Amino acid sequence: MLNVSKLNINECKTIDDALNENWTNNPDRAFIHYKAQTLTYGNVYRLVNGLSEFLSAAGVKKGSKVCMILPRVPELIITFLATVRLGALPVPVNFTLGKQEAASFILAVNPVAAVVHEKLLASIDCEVLGSACQTTIITGKDGRPHPNGFIPWDSACYPSNTVTQLMGQQPLAYLNYTTGSTSSPKGALATHENIYVNTAAAVAAMGFTQDDVHMCMFSSFAHPHELFARALFTGASIVLLEEINPKTMAAAICYSKVTAMMGIAPLYDMLTSHAKNFKLDTLRIAESGGMYTRPDVLNGFYNAFGIPILCVWGSTETTGIAIANTPSACRMDGSMGRVCPYYDIKVINDDGTEAKVSQPGELLFKGPAVISGYIEGSEFTLIDGWYHSGDLGWRDKDGFFYFTDRKSGLLKVAGLKVYPLQVELVLLEHPAIKEAAVIGVEDKLRGDVPAAFVVLHDGASATEDEILHYCNKNMAHYMIPKKMRIIDELPKIGSGKIDKKTLAQSAGKILSKAVSA
């Protein structure tokens, strides 16, 4: 059986290596728990063989691309593993983009094949999908034919002990797309080494073993390797859950004895608010990444369940967490934690010099888990091996890092730096405000100025003038939003993060409507 002590970064294993080792050493061990179904490593191995045979016969070759339009279901994992087995590239598709944008994405990818879930067909242009791919497989239809000629999953994926003739593994594992919350999504070149080293870093930082049961609640199209890599490389198991519902999540944790959870701050906030009656006794690791986690969320979760949320920082470009609070070194004051094993970090000033302790600057990362670039040829800032993340932060004397904001979101107001996150945190302390987003908008007289868009708690009441008065009392004058609007909801991407790119595109309309109202 695989042992965590064998995650030696000098002996990098591919994803297919890990599957083969689990098949050889512990085929009867549970790998995937989904609803009332449990698939062992042996079950998954045979299904991967069958699907890889089918894809190979359908023209998928080394370097071919296979689009995955799937939620958090076993078919997603099996498709990923079968595609990798052929030396082909899995490409997750963000099905929340809308038909036109998703269609443009698929056409640009030029896949040989695609696997799509029936319930997501409404989000996809089936004619474009059918014309773009030589073969399209549909899941969730119980073997029924589809009018577009899509092939039922059961006809394409069948248990087989015959291993498809490998076409030769390649260093590149898949195209790992950024979520696009602040800019257009970019396809990171994620190698097997990147994934293995990042997994080794997480195992070392968190102390994961083969006895862990992992439940990752990240979107299926955002870093899909996060759903299974830690379990696969340690011989552990995963729980797949489609629903983002606090009571359903809590019930799954209890029923499947989940020990390690990955999610974003709003999920933990929901658990605290709506699942307090559950005892999450088996949960020992609760990671929060992808966005800033407020201290009140940290304290609320700990008070409700007695488990600390471990804030982490990671990105597509670092292939996962690179900074983390850990069971042995955890702070609940909003810190992202300390640097993970196998990563180097430094903080630099605008002039390129290294920032002093407690001085904000851009976070730079280096190490074998950092990607080499993007497939589209988009600009990727890697200087002397250091990745310039575009995130601003600082470290304290004990080596704990704190997030300040995105460099691209930094505003200059009357020559002074305004970090949107600082303004948002003050706004969120107002008892009536549930969510807040601050962006820069153009002002004819003053240039770019901060504009705040807030959502109120259900049943709460407040006026824009009252909130601005609150800002006057609680933040420096130059930080006060020059424009303020109360709206019903903020745009979100599939992972649950606020979509500031979409917000910026619609800000003018929102502001003008509010004024005319």
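Please treat every number below as a calculation from the coordinates, not as lab data. Source: prediction; values computed, not measured. All Cβ positions, even for glycine, are placed from backbone atoms using ideal geometry, and neighbour counts span all protein chains on display.
For the chain, what's the relative contact order in percent, using C-alpha pairs closer than 8 Å and at least 6 residues apart?
11 percent
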Helical contribution to [θ] at 222 nm, DSSP H n ≥ 4, -39,500 (n - 2.57), averaged over the chain, rounded to 500: -9000 deg cm²/dmol
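What trypsin sites (Lys or Arg not before Pro) in the range 3-64 are in a loop by DSSP, with at most 13 other Cβ atoms within 10 Å of the Cβ?
Loop-located and lightly packed - 35, 61, 62.
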- request: Would you mind checking the pairs 434/513; 99/483; 186/482 and listing those with alpha carbons more than 24 angstrom apart?
  value: 99/483; 186/482
field: 5 angstrom amide H check on residue 88, placed H, neighbours 5+ away
entry: 63
statement: Filtered hits (lysines, Cα-Cα < 18 Å from residue 279, offset >= 8 within chain) -> 247, 257
task: Would you kindly derive the ³J(HN,Hα) couplings of the range 263-273 from the backbone phi angles with the Karplus curve 6.51 cos²θ - 1.76 cosθ + 1.60 (θ = phi - 60°), listing them in order in whole Hz, with x for Gly and Pro?
output: x, 10, 3, x, 5, 5, 5, 5, 4, 5, 7
Restricting the range 281-338 to trypsin sites (Lys or Arg not before Pro) in coil, as DSSP defines it, with at most 11 other Cβ within 10 Å: none
field: Sequence-separation-based contact order of the range 416-510, relative, with Cα cut under 8 Å and 6+ spacing, percent
entry: 27 percent
query: How many angstrom lie between the C-alpha centres of the range 83-138 and the range 413-479?
result: 40 Å
message: Rounded to two decimals, what is the ratio between the C-alpha radius of gyration of the range 243-408 and 2.2 N^0.38 Å?
response: 1.13
- prompt: Pairs 366/417; 417/492; 276/346; 13/500; 407/492: which exceed 30 Å Cα-Cα?
  reply: 276/346; 13/500
task: Sort out the exposed loop GluC sites (Glu not before Pro) in the chain (DSSP loop, at most 10 other Cβ within 10 Å) and tell me the longest stretch that has none.
output: 12-378
statement: In units of 2.2 N^0.38 Å, the Cα radius of gyration of the range 41-184 is 0.99
query: What is the range 243-408's relative contact order, in percent, from Cα pairs under 8 angstrom and six or more apart in sequence?
result: 15 percent
- request: Pop out the ³J(HN,Hα) list for the range 301-307 in order, Karplus 6.51 cos²θ - 1.76 cosθ + 1.60 with θ = phi - 60°, rounded to Hz; leave Gly and Pro as x.
  value: 5, 5, 5, 7, 10, x, 10
field: Listed candidates (1) 17, 28, 22, 16, 11, 5, 1; (2) 21, 51, 25, 3, 0; (3) 22, 55, 22, 1 - label of the one calculated as P(r) over Cα pairs in 20 Å bins from 0, in percent
entry: (3)
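When the dipole is taken about the Cα centre of the chain, and only Lys, Arg (+1) and Asp, Glu (-1) are charged at their Cβ, what size is it in debye, to the nearest 20?
Using Cβ point charges on Lys, Arg, Asp and Glu, the chain gives about 200 debye.
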